[in-house]
Amino acid sequence: MTSRSCLSIILAAGLGTRMKSDLPKVMHEVGGLPLVGHVLKALREAGSERVSVVTGPEMPELEALVYKLASHARCYVQHDRLGTAHAALAAKPALEFEADDVLVLFGDTPLVTPQTISKVRQGLQNGADLVVLGFETEKPFGYGRLLIENGRLVAIREERDASDEERKIRLCNSGIMGFSGKHALSLFEAIGNDNAKGEYYLTDAVEIANERGLKVIAVAGSEVETQGVNTRAQLASCEADFQNRMRITALEKGCSLLAPQTVFFSHDTELESDVVVEQNVVFGLGVKVSQRAKIRAFSHLEGATVGVGSVVGPYARLRPGAVLGADTRVGNFVEVKNATFGAGAKANHLSYIGDASVGSKSNIGAGTITCNYDGYLKHRTEIGAGSFVGSNSTLVAPVKLGNGAFVAAGSTITDDVQRDSMAFGRSRQVVKNGKAKQLREKLQAAKDAKS
Ligand code: UD1
Ligand code: MG
């Protein structure tokens, strides 16, 4: 949007005591992505080039996560948790290289959009020295309230410090603030801790900036995207709103969701246009579904790619590494893991296909199992194109079936099958005429003798 330089500071050192968890609060997930990951993603999309994350001293796993998600980020440790202004100052080394815009965001506010971040920066670009992103809510409890006088934002009052009158205010602080780079550090340093909690509140920057005659404004965001996560209930509510956002995105992209409220997405789910998703489908991480594919009811997909025009389910499970080509079929109670299906390949019923490749137009009969694991190592099964595997076969890996191979139903295949060959891995059928009747008569006689 602009050539102005931007430094973003994400505050994430809080313990989140009310989550009652051993995990740092911002590592809890929404849509399969840690809360802080959502903020990093939004910043990347908003074009904020420099990012600092403030973590706690006992959070090496959070630091590792930040570097994994954003290798260009810098982490700073806030050794004592003395409040949000104190946390922002932990990133002082980053602040000393003055940026035009300094954004402060909270790691526990995951649904903020790149557009809203840009709106805050726009406020700075238009000449404000401090921009606060606010939102209206029917449930303001716990949030800092924005005190507006004559159209001007004069202060932010935290819940604990607010009067009864102030607590009625429904306009709240989202925690996202933009500072002009010229003033950010000196404002942070001027903040004291004279309040009910004895903490250094970043929100006090508003009053101080006003005293200095700086231009302070509030911009409005929606409640959905600015909600913070302090409790498990808020985490659940954030997840619900995130799912709704993903559903709307999918519908707008031209996918049909037959019962949108029953379809659950991960943050990275990719559905192309004309995909149809039936009821009660769960997309775990890393799923891509190509055009015109249909995901039928009660299927669970994770780490999987579904080719154009394919049909998955009902009741199918695609696990990581499942790569289905165009026009494939994976039907009810079929599990596919780390396996490729060539175009037109089918496994329609009750199968486990793991660590395998299935050639194009092959048909895997009901009840086929690839025995990929010997208790120590995994082995591959390679099935050529145009093969036919009869029902209830077990393919003991490592094993290969050539193109056009045919496996008789009920076989246990332990040796490779050459191209266009037929394999019988079962004992030959024996029929004894009249034997059933004879047996029945013998057994009846034995029973009669006893009574
Ligand atoms: C904060 C705001 C409040 C706002 C609300 C929005 C302050 C003083 N209050 O309250 O006005 O309405 O967010 O959700 O800013 N953190 C640190 N170090 C600390 C304290 C906090 O890094 O010493 C981090 C936390 O990890 C969290 C963020 O700062 O990501 C906000 O802290 P939190 O304790 O959740 O503040 P709220 O009570 O939610
Ligand atoms: Mg919070």
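The values are calculated or read from the model by the stated rules, or taken from the named source; none is laboratory data. This is a predicted model, so every value here is computed, not measured. Because the Cβ atoms are built from the backbone with ideal geometry, glycine has one as well, and the counts that use them run over all protein chains shown. With ligands, DNA and RNA removed, areas are computed over all heavy atoms of the protein, side chains included. Shrake-Rupley method; radii C 1.70, N 1.55, O 1.52, S 1.80 Å.
Helix 114-125 against the longest principal axis of the chain: what's the angle in degrees, Cα atoms only, rounded to the nearest 10? For helix 114-125, the angle is close to 20 degrees. Length available on full extension from E49 to F97: 0.36 nm per residue minus the Cα-Cα distance, which gives 15.9 nm. Per residue, the average separation of C-alpha pairs within less than 8 Å and at least 6 apart gives segment 6-221 a relative contact order of 24 percent.
The alpha carbon radius of gyration of segment 6-221, expressed as a multiple of 2.2 N^0.38 Å, is 0.95. Between the beta carbons of V430 and H72, assuming R0 = 51 Å, the FRET efficiency works out to 0.10 to the nearest 0.05. Take every DSSP beta bridge whose two residues both sit in the chain; close to 20 percent of them are antiparallel. Counting heavy atoms of the protein chains alone, I369 has an accessible area of about 60 Å² for a 1.4 Å probe. In the chain, the longest principal axis of the Cα atoms and the axis of helix 35-45 are about 80 degrees apart. P(r) tail for the chain, what percent of Cα pairs lie past 30 Å? Counting pairs separated by more than 30 Å, the tail of P(r) holds 57 percent. Normalised by residue count, segment 253-423 yields a Cα convex hull volume of 81 Å³ per residue.
Within segment 107-202, the GluC sites (Glu not before Pro) that combine a DSSP coil assignment with at most 10 other C-beta atoms in a 10 angstrom radius are E138. Note on segment 371-451: antiparallel DSSP beta bridges, both residues inside, total approximately 10 percent of the bridges counted. The largest accessible area among T55, T17, T305 belongs to the first residue in T17, T305, T55, and the rest follow in falling order (1.4 Å probe, all chains).
Applying both filters, DSSP loop and at most 10 other Cβ atoms within 10 Å, to the trypsin sites (Lys or Arg not before Pro) of segment 1-73 gives K20.
Against the chain, whose longest principal axis is taken from its Cα atoms, helix 232-252 shows a tilt of about 70°. Computed about its Cα centre, the charge dipole of the chain is approximately 2880 debye, with only Lys, Arg, Asp and Glu carrying charge at their Cβ. If the segment from N126 to T414 were pulled out straight at 0.36 nm per residue, it would be longer than the present Cα-Cα gap by 96.4 nm. Take the chain and mark each of the chymotrypsin sites (Phe, Trp or Tyr not before Pro) that is in a DSSP loop with at most 10 other Cβ atoms within 10 Å; the longest unmarked stretch, sites excluded, is 142-375. Estimated purely from DSSP H runs of n ≥ 4, each contributing -39500 (n - 2.57), the mean residue ellipticity at 222 nm for the chain is -6500 deg cm²/dmol once divided by its residues. Exposure check, 1.4 Å probe, all protein chains in place: H349 carries approximately 80 Å² of accessible surface.
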